[in-house]
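Scroll down for the structure; my scribbles are underneath it.
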Amino acid sequence: MLGIILAGAMALHVAFGGTPMPYPDVLAALLGDDSNTRTHLAVTEFRAPRMVAAVVVGAALATAGAITQTVARNPLASPDLLGVTAGASLGAVTVLVVAGGGHAGLSGLAATVGMPAAAFTAGIVSGVAVYLLAYRRGLDSYRLVLAGLGISGLAASLTTWMLTLGDVTSAAQALTWMTGSLNGKDWATVQPMAVSAAVLIAAALLSSRWLLLTSLGEDTAIGLGARIGAIRLIVLTIAVLLASVATVTAGPVAFVALASPQIARSLTSTVIPPVGVSALVGAVFVLLSDTVAANALSAPLPVGVATAVVGAPFLIHLILKYQRRLS
């Protein structure tokens, strides 16, 4: 059923992800009919890459969220707690500020290529730093959350400082990227990210049994013969890489990693968020949010704004639900 909903959301996104186009024309263009040159160009070169980017970002963030929430044993956990998003933002903003204005003598191409690389590298470095700070003869979820909050706060402070060093144009570009946007995505950017996300999500699916063991608690997992430390290291590495891929593709897109796994868990009534269903829910979430963002106002909004509008009430719902459970 979710596969059918995803296909419908993809078709809706291509047809209404900007100026509305008739479904038959969109379908014909996707099947290779180039008799209508303008429609064929709009669908294959502009709408389709953006649609694939939305699927990649949603599925990657939701899968990373499912892993993080399972390892931390906390429904309010997300890859943000691993410092990935804040670290990637710091890397991207640094390149934009240094190279964007041209003051460092770098070309626009260097800035364009360097920004995704810097964001990806900084995101991974932040995730590794959180893991090293949290590890003390094993990985405790409480220490993981505290270390993640510390690294995220440090990266956010450095990002704000970097914004003050750049000119107005560079700061505006950086702030737009930090909002989370799918505008201007092309196949050259989307294809490597899609391949990377597919490989990592497949690895996460293969790790589902390990994730179930981590949800049982450290003592129980060790009693069942599991090498819990190695398992946590492997699955958290997958989560860090997935969150980095999503952030490089669209910037920080809020609440997808938090809300999608819990929606998937509610749909399936499972103990932990299922990886595959979470990925499908995340993809649908971002596709519908980007479609709404493109049509809600006269000027299109970044997808991060739409996901925040939906995700913020959901976060409040989760907190109230968690408090009722404790009382």
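Here the accessible area is traced with a 1.4 Å probe on the protein chains. For the range 1-102, carbon and sulfur cover 67 percent of it. Here the chain is assigned +1 on the Cβ of each Lys and Arg and -1 on the Cβ of each Asp and Glu. Its dipole about the Cα centre then comes out at about 1000 debye.
Excluding ligands, DNA and RNA, the accessible surface per residue across the range 116-225 is 56 Å² with a 1.4 Å probe. Between Gln262, Gln69, Gln173, the residue with the greatest mean-square fluctuation in the GNM of the chain (Cα pairs under 10 Å linked by springs) is Gln173.
Can you match Cα extents along the principal axes in Å to one of these, [x] 65, 51, 36; [y] 113, 73, 32; [z] 65, 52, 42, based on a calculation from the structure here? Read-out taken from this structure: [x]. In sequence order, the range 281-290 has phi-based couplings of 4, x, 4, 5, 4, 6, 4, 5, 5, 5 Hz under the Karplus curve 6.51 cos²θ - 1.76 cosθ + 1.60, θ = phi - 60°, and Gly or Pro positions carry x. Reducing the range 259-327 and the range 135-191 to their Cα centroids gives an inter-centroid distance of 20 Å.
Residue by residue, the range 17-31 carries 3J(HN,Hα) couplings of x, x, 5, x, 10, x, 3, x, 5, 5, 5, 4, 5, 5, 8 Hz when phi is fed to the Karplus relation 6.51 cos²θ - 1.76 cosθ + 1.60 (θ = phi - 60°); x denotes Gly or Pro.
Proximity of backbone amide H atoms, modeled 1.01 Å from N, is registered between Tyr135 and no other residue at under 5 Å, excluding neighbours fewer than 5 places apart on the same chain.
The values are calculated or read from the model by the stated rules, or taken from the named source; none is laboratory data. The shown structure was predicted, so the numbers you read here are calculated from the model rather than taken from an experiment. Cβ atoms come from the backbone with ideal geometry, glycine included; neighbour counts cover every protein chain shown. Side chains included, ligands, DNA and RNA excluded: accessible areas come from the protein's heavy atoms. Shrake-Rupley method; radii C 1.70, N 1.55, O 1.52, S 1.80 Å.
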